[in-house]
Amino acid sequence: MPHSYRRAPWIALIATLIVAAICLRLAFWQLERAEEKRLWLTEQSERATLPPADLPTLLADADPMHRRITITGHFDNAHNVLLDNRTLNGVAGYHLLTPFETREGRWVLINRGWLARGEDRATLPTIAPIEENQTVHGTAYRPSRDVFVLKDMPLPNNQWPLRVQKVDFDAIGERLGVELPPFEIRVTPELALGNNAPLPRHWQDVTVMGPERHKAYALQWFALALAALLIYVAAALRNRRKARKTREEL
């Protein structure tokens, strides 16, 4: 028997073990991510139960995500921001963010909710102004820095409302001539602002994959590792039967 033929079973075994080991490592990594995500979500849920804070408190917090907040001030109706590619029940639209100046003279972007885009993309939706001082209740939200966009576009000059693919707090603040915190305030769903009915506010953090999804991926990797081993065993048994039949015929 040629030497290369004698080596073939060992090469197949080593290759199978390598594939199985990689699949198992990825499976355990997904389980680790699931546990990390579970702890993170638990922490955020606990933070959401804390009493409402003011803006200086959130600015001093290293991680203000999901902290409740209550602030009073007025909206800058002349400089709205439309966050593009936000869908609701399959309908294309925007998230409407409006600059807000607190009584203390600090600025923050308020996410007022969802607006339908309409049939003609070239025509921006009508935005109802909010007059007089308002008290806003909501939660802090910091978008992921890893949001995928086809192309980063510079903000247009003297064009309001701004239509953006992602919220760049520094760039928008520079355009407004103010300093914005690196988070937005998502308004409490049932809160009416001024004389306007509340916009749809079905807040979902689509950038966060839940622990269940990680566990599902881990199960898939475990299944692939098992499949690789079963395929090898089945092939080895088949080759052994063939070899035995060949010897019997001889």
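Total residues in the range 89-113 satisfying the condition of being open to solvent by 30 Å² or more (accessible area, probe 1.4 Å), in contact with a His (Cβ under 8 Å, 6 or more places away or on another chain) and either at pLDDT below 95 or farther than 18 Å from Gly173 by Cβ (or both): the figure is 0. Only residues that are part of a loop (DSSP other than H, G, I, E, B) and open to solvent by 20 Å² or more (accessible area, probe 1.4 Å) were counted in the range 59-83, giving 9. Checked against the criterion of being open to solvent by less than 60 Å² (accessible area, probe 1.4 Å), β-branched (Val, Ile, Thr), part of a loop (DSSP other than H, G, I, E, B) and at pLDDT below 90, the candidates Val178, Val147 yield just one match: Val147. Annotation note: of Arg47, Arg86, Arg33, the sole residue that is part of a strand (DSSP E or B) and open to solvent by 20 Å² or more (accessible area, probe 1.4 Å) is Arg86.
The values are calculated or read from the model by the stated rules, or taken from the named source; none is laboratory data. All of these numbers come straight from a predicted model, not from anything done at the bench. Counting neighbours? That spans all protein chains shown, and the Cβs are built from the backbone with ideal geometry, glycine included. Ligands, DNA and RNA are excluded from the accessible area calculation, which covers all protein heavy atoms including side chains. Shrake-Rupley method; radii C 1.70, N 1.55, O 1.52, S 1.80 Å.
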